[in-house]
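Notes to accompany the following structure.
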Amino acid sequence: RCGLLYLSNDEAEIARWAKWRDFAVTEGVTTHMLSESEAKARASATGRSWKGGVFSPSDGVADPSRAVPVVARGVMKAGGSVHQACAARGLELEAGRVSAVVTEKGTIRTKTVVMAGGAWASSFVRQLGIRFPQSAVRSSILAVGPSVAGLPDALHTAEISVTRRGETGGHTLAISGRASVDPTPQQILFAREFVPMFARRWRALRPGGLGGWRSGHETAARWRLDEETPMERMRVLDPKPDARLVAETHRRALDLLPALRGTTITASWAGYIDSTPDGVPAIGEVTGVPGLILAAGFSGHGFGIGPGAGHLVADLVTGADPIVDPRPYHPDRFEASAWGKVAEF
């Protein structure tokens, strides 16, 4: 935990943050609104004045490459098992409900399964005749090094977001919301649902290439469970970063934080952000297929809200009282309208 600092010169944005603060208090989250002088003091590394900001002292940073192995070891310590390099090809049903998971290395008998396959989720459940509107965009990120003292550990502005990189040193840089749209068969299939979102975000999105089409994660095709599947042909979604976006991100960071001008780009990478039409994850048992719980479409927040989402999924699996009201997350909300208008709960 190092705290998370938001800075802005947009009064409307600051007002939205204040509204969020009022809600956060009701959920036990501590968030402080910053006056102009307080924001300037916390943002001394920028050398700029700011109209305001937010500081959340209990927030922090984490590295997925370090966190995920810790979770896996915890699963095994609790008596579970972890199977790597083993593609789940599909599900078997008996009397309409889940009875097994078919993998490339054998069949696992089970009455309950959680589909948390990220960008693969929609094409996977489509094999069962389930329509789940999902579209992925390609986000590009970079790292610079060495570490620079005196910078906030986690800083967000409309121009750039900067995060300190733990033990590895250096800083991770990204432009929030900026992404490339790689055309795929699935994007065509769900075009109507995503028109409103893409229309709102058109300034932040740019046309991509055919890498997404070739990756196969958003195919509209059906596959057999006794043959090689798209997941085996593309085991890891590791797309190329957008070189222009990487260069723009680096330029913005150097402009905002002059102390970074002595650093160099040490790495750049990209990933597919699986999104839903309303930007909220789909979490819940799929209507019509008892035993199949969907947890996908996290819209860029999967790692950050992973502990809470995992708690909710575990509650749904075990029948415990859910940690939060699960109804607003249920996948059925996308059936309200082909234009992606969600149902009211």
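Couple of notes before you dig in:
- Qualifying residues in the stretch 291-345 (those that are of a type in the set (Ser, Thr, Tyr) and modelled with pLDDT under 95) - the one farthest from TRP120 (Cα to Cα): SER337
- Qualifying residue in the stretch 116-125 (condition: closer than 30 Å to GLY28 by Cβ and in contact with a Cys (Cβ under 9 Å, 6 or more places away or on another chain)): no
- Residues that are of a type outside the set (Gly, Ala, Ser) and in a strand (DSSP E or B) within the stretch 155-182 comprise LEU155, HIS156, VAL162, THR163, ARG164, HIS171, THR172, LEU173, VAL181, listed in sequence order.
- Given (1) assigned to a helix (DSSP H, G or I); (2) surrounded by 19 or more Cβ atoms within 10 Å (Cβ to Cβ); (3) within 20 Å of the chain's Cα centre (by Cα); (4) not hydrophobic (A, V, I, L, M, F, W, C), index of the condition HIS250 fails: (3)
- Among the residues of the stretch 79-110, those identified as hydroxyl-bearing (Ser, Thr, Tyr) and outside any loop (DSSP other than H, G, I, E, B) are SER99, THR103, THR107.
- Enumeration of residues in the stretch 263-310 that are of a type in the set (Val, Ile, Thr) and not in a loop (DSSP other than H, G, I, E, B): THR264, ILE265, THR266, ILE273, ILE283, ILE293
- Restricted to the stretch 35-78, and to residues there that are assigned to a loop (DSSP other than H, G, I, E, B) and among the small types (Gly, Ala, Ser), the residue that is farthest from HIS156 (Cα to Cα) is ALA78.
- Residue within the stretch 209-218 that is modelled with pLDDT under 95, in contact with a Gly (Cβ under 8 Å, 6 or more places away or on another chain) and surrounded by fewer than 15 Cβ atoms within 10 Å (Cβ to Cβ) present: no
- Reported count of residues in the stretch 100-114, each being more than 17 Å from ASP226 (Cβ to Cβ) and polar (S, T, N, Q), is 2.
- You will find that of THR157, THR172, the residue that is touching a Lys or Arg at 6+ places or on another chain (Cβ under 7 Å) and of a type in the set (S, T, N, Q) is THR172 and no other.
- When the stretch 186-245 is filtered for residues that are aliphatic (A, V, I, L, M) and assigned to a helix (DSSP H, G or I), the ones remaining, listed by number, are ILE188, LEU189, ALA191, VAL195, MET197, ALA199, MET231, ALA243, LEU245.
- Condition broken by PRO152, with the remaining ones in (1) in a strand (DSSP E or B); (2) within 24 Å of the chain's Cα centre (by Cα); (3) of a type outside the set (S, T, N, Q) satisfied: (1)
The values are calculated or read from the model by the stated rules, or taken from the named source; none is laboratory data. None of these values were measured; they are calculated from a predicted model. Here Cβ is always computed from backbone atoms with ideal geometry, including for glycine, and neighbour counts include all displayed protein chains.
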